[in-house]
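*Asks:* Have a look at this one.
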Amino acid sequence: GRSLLQANRFNDAAREILDVLVAHPDHAELLALLDQVESQRRKFRARQGIEQRVKEIKVKINREKFSEAIALADETIATLGPDTDVSQLRKSAQVEIQAREKKRLQEQTIEDIRLLTQSGKFDDATRTLDDAVSKKLFDPLDSRAQRAADEIAASRNTAKKEPAVPRAGIPKSFSKEYAFLQKKSEIDTPPAAENMTLMEAPDARASVG
C-alpha cells in the first residue's frame, strides 16, 4: 500500500488495503494507511485542478482578458483553496488593469490640457496639470507633463504678444479726420476749365485782347 501511495497510484493502493481489511477490519495500521491514501488523493486532485486553472488564467492574461482572469482566480481560491501561483497571477492581472486605467487617464488629461490651452484658458490648463501631478497621475520626470507645461507657457507668451484685434467699422475719430481731409481736398483742387467764366479763364482773356 505504501509503495503504491508513493507512486500516486491512489486507487490501486486503496484497493490493496481494502482487500486486506476484509480479513482484518480492525487492523489499525491499515486503517491509518487508508486514511492517508484518501487524504493524499484529495490533495492530488486539488493540485491537478489548480494547475488546470493556472493554465486557464494564464491564457486569459495573455489574451488581455484581465477581469476574467481575476474572476477565475477568485473562484479557484474559493473552491480549491489558497494557492501561491493563483494569487500571483491574480495580482499580475490587477496590476495590469490599474496600469491601463492610469494610462487612459493620462491620455485624457493631456487632451483636456491641450484643448484648454488652445482655447486660451491657460489658468485652467495649469490647474488641471498641477492637480494631475499632485495626485501622482504623472511621475515627476514624465516627459508628457513637462511638454504640456511648456506648451501652456509658450501659448501664454504668444497670446501676450499678439496685438488687440480692432473692432469692425471705422472709429469715430478716424471718420472725423477723413471728412476733414476730404473737405480740404475739395478746397485745394482747382475747378475744371469748363466751369470757369470767361473772365476767370486766363486763355480766354488773352484771345479776346
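*Asks:* Quick one: what are the phi-derived ³J(HN,Hα) couplings along segment 124-133, Karplus 6.51/-1.76/1.60 with θ = phi - 60°, whole Hz, x for glycine and proline?
*Replies:* 5, 5, 5, 5, 4, 5, 4, 5, 5, 5
*Asks:* So if I place +1 on the C-beta of Lys and Arg and -1 on the C-beta of Asp and Glu, and nothing else carries charge, what would the dipole magnitude of segment 1-98 be about its Cα centre? I want it in debye, nearest 20.
*Replies:* Numbers: 16 positive and 16 negative charges, 86 e Å.
Dipole of segment 1-98, to the nearest 20 debye: 420 debye.
*Asks:* Just the number please: accessible area per residue for segment 8-124, 1.4 Å probe, all protein chains included, in Å².
*Replies:* Heavy-atom SASA per residue in segment 8-124 reads 67 Å².
*Asks:* Could you compute how fast segment 2-43 diffuses translationally, taking Rh as the Kirkwood radius over C-alpha pairs and applying Stokes-Einstein at 4 °C with viscosity 1.567 mPa s? Give it in µm² per second.
*Replies:* The estimated diffusion coefficient comes to 129 µm²/s.
*Asks:* What net charge is computed for the residues neighbouring VAL22, neighbours being all others with C-beta under 13 Å from the C-beta of VAL22, Lys and Arg scored +1, Asp and Glu -1?
*Replies:* -2
*Asks:* Which semi-axes, in whole Å and largest first, does the equivalent ellipsoid of segment 47-162 have when worked out from the alpha carbon gyration tensor as the square roots of 5 times its eigenvalues?
*Replies:* After scaling each eigenvalue by five and taking roots: 46, 11, 10 Å.
*Asks:* Return the whole-Å distance between the Cα centroid of segment 87-117 and the Cα centroid of segment 37-78.
*Replies:* 28
*Asks:* Right, another one. Holding the Cα-Cα limit at 24 Å, pick out from LYS43/LYS65; LYS60/LYS91; LYS60/LYS136; LYS58/LYS91; LYS65/LYS136 the pairs that are longer than that.
*Replies:* As for pairs spanning more than 24 Å Cα to Cα, those are LYS43/LYS65; LYS60/LYS136; LYS65/LYS136.
The values are calculated or read from the model by the stated rules, or taken from the named source; none is laboratory data. This is a predicted model, so every value here is computed, not measured. So basically every Cβ, Gly included, is an ideal-geometry build from the backbone, and we count neighbours across all protein chains shown. Each accessible area value is taken on the protein alone, full model and side chains, heavy atoms only, with ligands, DNA and RNA left out. Shrake-Rupley method; radii C 1.70, N 1.55, O 1.52, S 1.80 Å.
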